1. Are any residues in segment 49-60 over 17 Å from Gly2 (Cα atoms) and not acidic (Asp, Glu), and if so, which ones?
2. Would you mind telling me which numbered condition in (1) touching a strand residue (DSSP E or B) at 6+ places or on another chain (Cβ under 7 Å); (2) of a type in the set (D, E, K, R); (3) more than 24 Å from Ala29 (Cβ to Cβ) Asp94 fails?
3. Determine which member of the set Val3, Val72 is touching a helix residue (DSSP H, G or I) at 6+ places or on another chain (Cβ under 6 Å) and surrounded by 13 or more Cβ atoms within 10 Å (Cβ to Cβ).
4. Is there any pair linking a residue in segment 11-37 that is surrounded by 15 or more Cβ atoms within 10 Å (Cβ to Cβ) to one that is at pLDDT below 95 and outside any helix (DSSP H, G or I), with Cβ under 6 Å and at least six apart or on different chains, and which?
5. Of the conditions (1) within 21 Å of Ala88 (Cβ to Cβ); (2) out of contact with any Ser or Thr (no Cβ under 7 Å at 6 or more places or on another chain); (3) of a type in the set (A, V, I, L, M, F, W, C), Ala73 satisfies every one except a single condition; which number is it?
6. Of everything in segment 78-98, what is assigned to a loop (DSSP other than H, G, I, E, B) and free of Cβ contacts under 8 Å to residues at least 24 places away in the same chain? Give them in sequence order.
7. Between a first residue in segment 52-66 that is on the phi > 0 side of the Ramachandran plot and a second residue that is polar (S, T, N, Q), which pairs have beta carbons less than 7 Å apart while being 6 or more apart in sequence or on different chains?
8. Which strands (runs of 3 or more DSSP E) does segment 1-75 wholly contain that include 3 or more residues that are in contact with a Pro (Cβ under 9 Å, 6 or more places away or on another chain) and within 24 Å of Lys97 (Cα to Cα)?
Amino acid sequence: MGVILAPLKADKLNAWSGWMEELNGPRKADFVDFNKRHNLTKHEAWLCETPAGAFVCAIHEGPGAAELIANVAKSTHAFDKWFSSKLAEIHEMDVTKPPPGKMPERKLSWTA
């Protein structure tokens, strides 16, 4: 499973919400294809509004989860390039460079 916690500046909240609407609406088929091509079985984005500001928690599961960002970075597929450009525009995330700091570390898990 991959987890990404990305800050979301207040002036980017509407852009992020619009992006989510695109992925759930007119670009849904492309998003489904994206997840299949990258061997994901689950892909979620959670908006977390905290006293320290808004964050997006993105969770992706499946055999391709660990390599997702690296694979998107080297992809030439039009949708992947668009997806990367949205990450850069909204989160200032450059998929070609490792993120600063440590990746999230799972400390607790429970399944029924």
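The values are calculated or read from the model by the stated rules, or taken from the named source; none is laboratory data. All of these numbers come straight from a predicted model, not from anything done at the bench. Note that we place each Cβ from the backbone using ideal geometry, even for glycine, and neighbour counts take in every protein chain shown.
1. Filtering segment 49-60 down to residues over 17 Å from Gly2 (Cα atoms) leaves 49-54.
Of everything in segment 49-60, those that are over 17 Å from Gly2 (Cα atoms) and not acidic (Asp, Glu) turn out to be Thr50, Pro51, Ala52, Gly53, Ala54.
2. Tallying (1) touching a strand residue (DSSP E or B) at 6+ places or on another chain (Cβ under 7 Å); (2) of a type in the set (D, E, K, R); (3) more than 24 Å from Ala29 (Cβ to Cβ), Asp94 fails exactly one: (1).
3. Of Val3, Val72, the one residue that is touching a helix residue (DSSP H, G or I) at 6+ places or on another chain (Cβ under 6 Å) and surrounded by 13 or more Cβ atoms within 10 Å (Cβ to Cβ) is Val72.
4. Within 6 Å, the pairs are Trp16/Leu8.
5. It fails just one condition, (2).
6. Hits for segment 78-98 are Glu92, Asp94, Thr96, Lys97, Pro98.
7. Gly62/Asn39; Gly62/Thr41
8. Once the strands (runs of 3 or more DSSP E) in segment 1-75 are filtered for at least 3 residues that are in contact with a Pro (Cβ under 9 Å, 6 or more places away or on another chain) and within 24 Å of Lys97 (Cα to Cα), what remains is 2-8, 53-61.
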